[in-house]
């Protein structure tokens with residue numbers, strides 16, 4: 001998972017011009033789209049009729065293919081950022097366009113346009129059609145709107161909240177951080193909101209619309225003590241409304257960010273080598289996501305490049321381990337009412353009491369494996385292909401008490417937070433940076449640790465998960481993205497306290513000492 | 001398109017000023033690209049499209065905002081810009097936020113950077129498919145019976161950007177970019193399926209290696225991963241392969257940026273003029289490399305670019321300081337970001353160096369990890385090979401190196417003669433002594 005900063009985003013969009021269009025004739029800024037929640041949004045705002053969709057789908061299937069789909073997107077993003085005590089910059093970005101896909105077996109033709117008009121759409125469809133070389137195929141004669149459950153209803157559109165209301169959110173976090181400790185030297189903070197409206201139309205006649213909100217509030221703190229500096233941060237968010245960011249939450253955010261920076265002054269680097277690792281509840285699930293989850297995405301298995309390619313039905317973990325990928329958790333960052341190719345949001349059991357039971361599927365892999373799609377077909381934007389991707393991935397709670405898990409370790413580390421994870425799908429090997437943690441010595445948490453890496457192997461880590469506690473915690477962050485194949489999508493995750501009996505810890509010293 | 005793009009940028013500035021902006025900078029960009037990949041000897045993905053966009057930065061009453069859009073029709077843009085100006089007025093005043101002093105725009109080099117391939121327009125769909133097929137064929141052939149999966153891909157793009165500011169800046173840049181890559185997954189012992197790849201990027205099609213070489217390179221690099229295992233923790237010399245140096249160098253560079261210095265997030269903030277690395281460590285920022293991927297005549301602020309020696313034989317000479325943070329720091333600005341970064345190559349090949357060192361680890365990839373720009377501490381996973389008596393003897397996986405940049409670069413003992421040219425960062429392989437590589 002990586003946090004995409006606005007700076008990175010601007011670089012990406014500026015150089016490659018990935019960002020898309022504004023709405024013709026609509027006022028710019030913190031948009032007030034009064035009709036955003038009504039059905040048939042794209043028809044009302046942009047004249048996208050069923051007839052037009054069917055004409056474009058017919059063009060996409062003009063050379064045959066198994067199916068085609070259209071993905072319309074209108075996204076409005078805003079950032080307000082604070083530095084040196086003042087909210088002194090704001091950015092906005094509007095994405096508008098349609099992606100047109102023709103699928104033949106596992107082959108994909110793809111075109112897109114930023115102009116929601118017949119001619120450019122037909123042109124994009126003709127590019128998509130080139131993947132097939134057979135007789136034209138007709139799309140379904142009638143489009144049927146899908147009825148979807150809503151896992152992230154909005155009482156108030158994000159776009160209807162004025163800029164003036166956003167500024168105090170950020171300012172108050174900054175002020176709270178400075179009030180908490182004299183060691184705080186610098187604070188940067190920001191609020192981001194995104195309101196994404198999509199319409200998926202498929203050649204088999206399905207039509208699904210969704211409105212996906214996403215917000216987060218973050219703080220990054222630099223603390224100074226005796227000439228040394230440390231930096232840490234935190235964020236809260238998800239598919240949340242403005243009302244989520246109460247004073248209590250903002251104060252909690254500031255407290256966590258400050259505490260995380262200040263504790264690093266006392267942190268040591270643990271000895272390097274193999275040792276037991278206790279994963280704390282919540283955000284350590286990034287490890288589950290990266291080291292295990294990616295290997296269970298069906299495209300990697302369909303191509304036989306995942307280490308899990310031959311393991312369906314086999315024991316991959318102890319019987320107390322159950323792993324879920326879920327699009328239905330209320331307001332979680334990875335929740336989806338419908339995926340980006342028209343499959344309704346759902347809960348998928350990947351590992352059931354230690355047995356690998358399912359991969360995460362999009363339509364292409366589901367057809368390959370002769371199973372139903374699991375609602376994991378996702379894409380970054382209308383400019384991107386669909387890939388099987390995680391939603392909210394978590395390990396269900398186990399039988400142990402968290403304190404017993406810690407007590408069981410004579411010498412090892414307790415990981416509270418990890419970042420910058422990377423995994424090699426084919427081997428299952430991974431590496432993670434431990435941003436917050438503690439030493440475990442004789443069953444007790446002792447000195448804080450910092451600036452180390454943990455390395456291991458996903459399947460081995462799963463097999464080596466020998467204790468699992470009853471304290472499942474879902475992460476409440478909103479700034480995390482998962483990257484795959486050049487695409488970033490928001491994902492959520494959760495984890496109970498867990499013991500991995502052996503992992504490589506990369507500190508600076510050879511085995512034998514600390515401090 | 002150049003004139004149309006300039007006209008649109010000029011019009012956008014006019015609209016912003018009439019809506020109350022004191023100053024603004026507008027840029028218009030366009031891109032056309034084709035992206036083709038093959039797997040199992042047939043196209044896996046074919047994608048082609050054009051994009052366009054406007055970015056505008058607005059300065060009003062000492063306040064600042066930035067917006068982007070790609071609807072370039074004037075009626076839509078007019079509302080877009082006018083509303084941007086109104087909302088910018090609601091932000092806090094920032095006395096440091098202005099357009100740059102125009103004196104920094106002056107002195108722009110008058111030269112052709114050679115970033116447009118004259119043959120781009122002649123590139124046919126057939127030629128693209130032929131390239132990708134050749135990558136796949138070559139990889140399959142060299143990978144032999146170890147192959148589980150091979151994906152080959154070719155991407156090409158034509159980009160243009162025109163930039164204008166209300167205080168007299170004017171700039172236009174166009175470029176072509178070609179990218180080819182091959183990726184292979186091989187069967188190893190048990191369930192291990194290592195994946196390796198090769199790639200090249202160039203602004204000229206002729207600047208790319210033959211597609212067969214990319215395919216064969218992907219196979220060779222993948223097969224080299226077979227049997228990878230974790231070794232005992234050891235203090236040992238390492239050689240970081242040229243194409244992978246950027247991962248470690250990038251962590252060091254974070255501490256050279258004006259924002260990190262001003263925000264107290266730089267371990268180099270007070271080290272200007274000091275020796276912070278061994279004499280073998282020199283970094284040159286050279287914006288004038290012919291057909292260089294990072295070449296430019298002006299930077300993001302519009303400053304006329306200059307060649308700069310950032311680190312000279314281990315002494316920190318310069319920082320990357322843009323206009324805004326130069327004002328916050330009270331320093332003279334340099335440039336906000338690197339162009340082409342060059343570490344001057346040494347005299348010996350990696351092979352000769354390995355022979356001389358006897359035993360060590362060649363690092364051919366990194367995994368995860370972190371580099372802390374505030375403290376300089378870093379920790380990263382490595383993939384590579386143990387060599388003994390100058391020869392590769394064992395593939396290495398699941399190991400880690402950690403340390404602090406201020407100490408690490410002092411251990412740089414040699415620079416090889418093999419700069420990696422398919423990147424904005426032209427880095428040769430680097431040799432470090434006494435590095436703790438942790439494993440079992």
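Considering A:304, A:315, the condition of being over 30 Å from residue A:239 (Cβ atoms) and in contact (Cβ under 8 Å) with a residue 24 or more places away in the chain is satisfied by A:315 alone.
The single residue among A:227, A:190 that is without any contact (Cβ under 8 Å) to a residue 24 or more places away in the chain, within 14 Å of chain B (Cβ to nearest Cβ) and within 24 Å of residue B:261 (Cα to Cα) turns out to be A:227. The set of residues in segment B:81-102 being assigned to a helix (DSSP H, G or I) and facing another protein chain (nearest Cβ under 9 Å) consists of B:81, B:82, B:83, B:84, B:86, B:87, B:88.
Of the strands (runs of 3 or more DSSP E) lying entirely inside segment A:441-509, the ones with 3 or more residues being away from chain B (no Cβ under 13 Å) are found at A:444-449, A:465-468, A:480-484, A:487-490, A:492-495, A:498-506.
Listed by position, the strands (runs of 3 or more DSSP E) inside segment A:40-122 whose residues that are modelled with pLDDT of 95 or more, closer than 29 Å to residue A:193 by Cβ and more than 12 Å from chain B (Cβ to nearest Cβ) number at least 3 are A:67-83. If the condition is being in contact (Cβ under 8 Å) with a residue 40 or more places away in the chain and closer than 29 Å to residue B:329 by Cβ, then segment B:102-122 contributes B:102, B:104, B:105, B:106, B:107, B:108, B:109.
Residue-wise test of (1) buried (at least 19 other Cβ atoms within 10 Å of the Cβ); (2) assigned to a loop (DSSP other than H, G, I, E, B).
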position: B:253; (1), (2): yes, no
position: B:259; (1), (2): yes, no
position: B:266; (1), (2): yes, yes
position: B:270; (1), (2): no, yes
position: B:273; (1), (2): no, yes
position: B:293; (1), (2): yes, yes
position: B:300; (1), (2): no, yes
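If I filter segment B:151-172 for residues that are within 14 Å of another protein chain (Cβ to nearest Cβ), part of a helix (DSSP H, G or I), buried (at least 19 other Cβ atoms within 10 Å of the Cβ) and touching a strand residue (DSSP E or B) at 6+ places or on another chain (Cβ under 7 Å), do I get at least one hit? No, segment B:151-172 contains no residue that is within 14 Å of another protein chain (Cβ to nearest Cβ), part of a helix (DSSP H, G or I), buried (at least 19 other Cβ atoms within 10 Å of the Cβ) and touching a strand residue (DSSP E or B) at 6+ places or on another chain (Cβ under 7 Å). The residues of segment B:178-195 that are at pLDDT 95 or above and crowded, with 21+ Cβ neighbours inside 10 Å, listed by number, are B:178, B:180, B:181, B:182, B:183, B:184, B:185, B:186. Exactly one residue among A:414, A:394, A:433 is free of Cβ contacts under 8 Å to residues at least 24 places away in the same chain and crowded, with 24+ Cβ neighbours inside 10 Å, and that residue is A:433. Screening segment A:149-158 for residues that are in contact (Cβ under 8 Å) with a residue 60 or more places away in the chain and surrounded by fewer than 21 Cβ atoms within 10 Å (Cβ to Cβ) and picking the one that is farthest from the other protein chains (Cβ to nearest Cβ) gives A:149. Considering only residues in segment A:306-341 that are out of contact with any helix residue (DSSP H, G or I) (no Cβ under 6 Å at 6 or more places or on another chain) and at pLDDT below 95, the one that is surrounded by the fewest Cβ atoms within 10 Å (Cβ to Cβ) turns out to be A:310.
Could you tell me whether any residue of segment A:274-291 is out of contact with any strand residue (DSSP E or B) (no Cβ under 9 Å at 6 or more places or on another chain) and either more than 28 Å from residue A:326 (Cα to Cα) or within 14 Å of chain B (Cβ to nearest Cβ) (or both)? Scanning segment A:274-291 turns up no residue that is out of contact with any strand residue (DSSP E or B) (no Cβ under 9 Å at 6 or more places or on another chain) and either more than 28 Å from residue A:326 (Cα to Cα) or within 14 Å of chain B (Cβ to nearest Cβ) (or both).
Quick grid of which residues meet (1) in the same structural domain as residue B:272 (by TED's automatic domain parsing); (2) closer than 27 Å to residue B:230 by Cβ; (3) in contact (Cβ under 8 Å) with a residue 24 or more places away in the chain:
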residue: B:321; (1), (2), (3): yes, no, yes
residue: B:328; (1), (2), (3): yes, no, yes
residue: B:336; (1), (2), (3): yes, no, yes
residue: B:366; (1), (2), (3): yes, yes, yes
residue: B:378; (1), (2), (3): yes, yes, yes
residue: B:393; (1), (2), (3): yes, yes, no
residue: B:406; (1), (2), (3): yes, no, yes
residue: B:410; (1), (2), (3): yes, no, yes
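For segment B:61-80, the candidate set comprises residues that are more than 8 Å from every other protein chain (Cβ to nearest Cβ), within 35 Å of the chain's Cα centre (by Cα) and in a loop (DSSP other than H, G, I, E, B); within that set, the residue that is modelled with the highest pLDDT is B:62. Of all residues in segment B:323-346, those satisfying the criterion of being surrounded by 19 or more Cβ atoms within 10 Å (Cβ to Cβ) and within 18 Å of the chain's Cα centre (by Cα) are B:335, B:336, B:338, B:339, B:340, B:341, B:342, B:343. Evaluate segment B:287-300: report whether one residue or more is within 28 Å of residue B:391 (Cβ to Cβ) and within 24 Å of the chain's Cα centre (by Cα). Within segment B:287-300, not a single residue is within 28 Å of residue B:391 (Cβ to Cβ) and within 24 Å of the chain's Cα centre (by Cα).
Each row is one residue, and each column tells you yes or no for (1) farther than 30 Å from residue A:173 by Cβ; (2) surrounded by 23 or more Cβ atoms within 10 Å (Cβ to Cβ); (3) assigned by TED's automatic domain parsing to the domain that holds residue A:188.
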position	(1), (2), (3)
A:88	no, no, yes
A:102	yes, yes, yes
A:113	yes, yes, yes
A:126	yes, no, yes
A:131	yes, yes, yes
A:146	yes, no, yes
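Test residue B:361 against the stated conditions and say whether it is within 30 Å of residue A:232 (Cα to Cα) and part of a strand (DSSP E or B). No; evaluated as a whole, the condition is false for this residue. Checking segment B:359-374 against the condition returns a match, with at least one residue being more than 14 Å from chain A (Cβ to nearest Cβ) and surrounded by fewer than 19 Cβ atoms within 10 Å (Cβ to Cβ).
The values are calculated or read from the model by the stated rules, or taken from the named source; none is laboratory data. From a predicted model like this one, the values you see are computed outputs, not experimental measurements. Neighbour counts are summed over all protein chains in view; Cβ atoms, including those assigned to glycine, are modelled from backbone coordinates with ideal geometry.
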